[in-house]
1. Which of the residues spanning the stretch 1-33 are among the small types (Gly, Ala, Ser) and in contact with a Lys or Arg (Cβ under 8 Å, 6 or more places away or on another chain)?
2. Quick check on LEU146: is it touching a strand residue (DSSP E or B) at 6+ places or on another chain (Cβ under 8 Å), assigned by TED's automatic domain parsing to the domain that holds VAL256 and closer than 21 Å to ARG257 by Cβ?
3. Can you name the residue in the stretch 269-316 that is of a type in the set (Lys, Arg) and surrounded by 20 or more Cβ atoms within 10 Å (Cβ to Cβ) and is also farthest from the ligand (Cβ to nearest atom) among such residues?
4. Residues GLU177, GLU138, GLU211, GLU193: which one is modelled with pLDDT of 95 or more, surrounded by fewer than 19 Cβ atoms within 10 Å (Cβ to Cβ), more than 16 Å from the ligand (Cβ to nearest atom) and more than 30 Å from ARG33 (Cα to Cα)?
5. So which residues in the stretch 1-27 are among the charged types (D, E, K, R) and surrounded by 16 or more Cβ atoms within 10 Å (Cβ to Cβ)?
6. Give the residue, chosen from THR263, THR298, THR344, THR270, that is among the polar types (S, T, N, Q), in contact (Cβ under 8 Å) with a residue 60 or more places away in the chain and part of a helix (DSSP H, G or I).
7. Kindly provide the set of residues from the stretch 350-391 that are closer than 18 Å to SER406 by Cα and assigned to a helix (DSSP H, G or I), ordered by number.
8. From the residues in the stretch 237-256 that are within 30 Å of ARG197 (Cα to Cα) and touching an Asp or Glu at 6+ places or on another chain (Cβ under 7 Å), which one is modelled with the highest pLDDT?
Amino acid sequence: MNYRAIKGTKDILPSETSRWQSVEQIIRDVFHRFNYKEIRTPIFESTALFARSIGELTDIVGKEMYTFQDRSGDSVTLRPEGTASVMRSYIQNNLGEAQPLVKVYYLGPMFRQERPQAGRLRQFHQFGAEATGSPTAETDAEIIALAIEIYRRLGITNYALKINSVGDEECRPRYKEILRAELKKISDKLSPESQKRIDQNPMRVLDSKDERDQGLTAHLPLIVDYLNEECATHFQKVKSLLTAYGIPFTVDGRLVRGLDYYTKTAFEITSTELGSQDALAGGGRYDLLVKELGGKSTPSVGFAAGMERLMMILEKKGFAPSDNTPTLFIAVADESAREWGLKTAMHLRSKGFKIEIDLLQRSLKSQMKEADRQQTKFAIVVGSTELANGKALLKDLSKHTQQEVSLDSLHQFLQ
Ligand code: HAM
């Protein structure tokens with residue numbers, strides 16, 4: 001074949017979509033229980049929005065964005081994440097005017113040109129939520145609890161929640177200077193990637209994946225010990241609320257997320273059921289972003305989670321999607337019944353039933369084979385005799401029983 005899906009992208013096939021839809025429905029339901037409303041933003045935005053929000057020096061902006069010039073010469077980018085777009089929309093549409101706290105969720109494709117591997121795609125799907133307008137630790141704890149509740153509802157128990165505080169614009173620069181000075185002392189032993197980060201983003205050195213780096217930096221000071229009073233109190237409150245909610249967590253002082261907008265709380269949910277790409281979800285507080293993008297200073301917190309990684313686990317666990325198979329297969333025994341069959345199928349569908357009828361003019365035998373293959377609950381065979389009598393045999397394909405039914409009142413039997 002000449003055409004194949006682009007590397008790192010994947011078809012979600014008809015055999016898989018039932019599971020996706022069932023999972024998405026549970027996710028939406030949990031969001032609704034927490035009173036988050038869906039927002040749908042465009043899939044591409046101006047490049048500057050992401051560069052400004054996520055940070056020029058991050059891997060996402062530096063090497064992973066799908067950026068191109070459109071025909072009018074504007075630089076646009078396929079969204080690599082949802083937060084920047086949601087905040088752009090919040091400001092542009094004045095969403096904060098009508099209510100002090102805006103709680104929204106989203107589900108949809110995101111794009112990053114990373115090296116594809118198990119659980120890492122170039123087009124992947126996220127679900128996520130953002131709460132904008134509240135500085136309180138209660139809001140951080142709600143966002144974390146919301147993410148955890150989704151996994152609980154889906155029967156996922158094998159996960160770990162790691163939290164950290166990355167400080168604010170007051171205490172973080174102070175800590176960064178201390179860390180930078182320490183890193184400079186060992187700089188020649190660090191990986192080239194980490195060496196580059198010392199000046200620009202020293203905290204990222206702490207969550208380097210390189211084992212040698214990890215050993216070398218194991219004893220270095222952590223930001224949790226350098227928080228100012230406000231950040232420390234906030235962090236303490238988040239932790240005690242999580243404990244009150246019965247949500248287990250560990251504090252990981254080295255957790256620094258790969259996006260630059262975070263302040264105070266940062267968290268990640270990982271699963272041992274995934275391979276090296278073990279992050280199911282991540283998020284945190286980002287109090288400076290709305291102002292950075294030109295809005296009024298508005299504290300915010302949110303999270304996003306990968307759908308494909310979640311589906312990998314659910315597939316392993318044999319998560320059963322809700323049933324989408326047709327209730328009735330209408331099989332026509334001869335030409336005279338075909339139009340009746342087609343019309344009846346339309347009528348029953350309008351009454352809310354899932355009906356299948358052959359569109360390939362197949363023999364009665366092949367129609368019955370097809371009904372078996374599709375595992376429809378019932379099948380009915382109608383030909384000229386049945387039409388003349390106004391009655392036919394309704395077969396229950398799973399119980400292997402049958403009963404005579406009146407063709408006029410089929411819907412009553414299907415109920
Ligand atoms: P993130 O950590 O970059 O955060 O992404 C969140 C989740 O998306 C990851 O934990 C992972 O499950 C999934 N993910 C990321 N990249 C890929 C990929 N290439 N293939 C498959 N799955 C992937 C954010 O995106 C932030 N916007 C989260 C946030 C919302 N913070 C505050 N509000």
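The values are calculated or read from the model by the stated rules, or taken from the named source; none is laboratory data. Predicted model only: the values in this text are computed from it and were never measured. Neighbour counts run over all protein chains shown; Cβ positions are idealised from the backbone, glycine included.
1. To start, the set of residues in the stretch 1-33 that are among the small types (Gly, Ala, Ser) comprises 5, 8, 15, 18, 22.
Once the filter is applied, which keeps residues that are among the small types (Gly, Ala, Ser) and in contact with a Lys or Arg (Cβ under 8 Å, 6 or more places away or on another chain), the stretch 1-33 yields only GLY8.
2. Values: touching a strand residue (DSSP E or B) at 6+ places or on another chain (Cβ under 8 Å): yes; assigned by TED's automatic domain parsing to the domain that holds VAL256: yes; closer than 21 Å to ARG257 by Cβ: yes.
Judged against the criteria, LEU146 is a match.
3. Only one residue tops the list, namely ARG285.
4. Values: GLU138 fails: more than 30 Å from ARG33 (Cα to Cα); GLU211 fails: modelled with pLDDT of 95 or more; GLU193 fails: modelled with pLDDT of 95 or more.
Matching residue, one of GLU177, GLU138, GLU211, GLU193: GLU177.
5. Of all residues in the stretch 1-27, those among the charged types (D, E, K, R) come to 4, 7, 10-11, 16, 19, 24.
Across the stretch 1-27, the qualifying residue is only ARG19.
6. The match here is THR344.
7. SER384, THR385, GLU386, LEU387, ALA388, ASN389 - these are the residues of the stretch 350-391 that are closer than 18 Å to SER406 by Cα and assigned to a helix (DSSP H, G or I).
8. Residue satisfying both the conditions and the ranking: VAL238.
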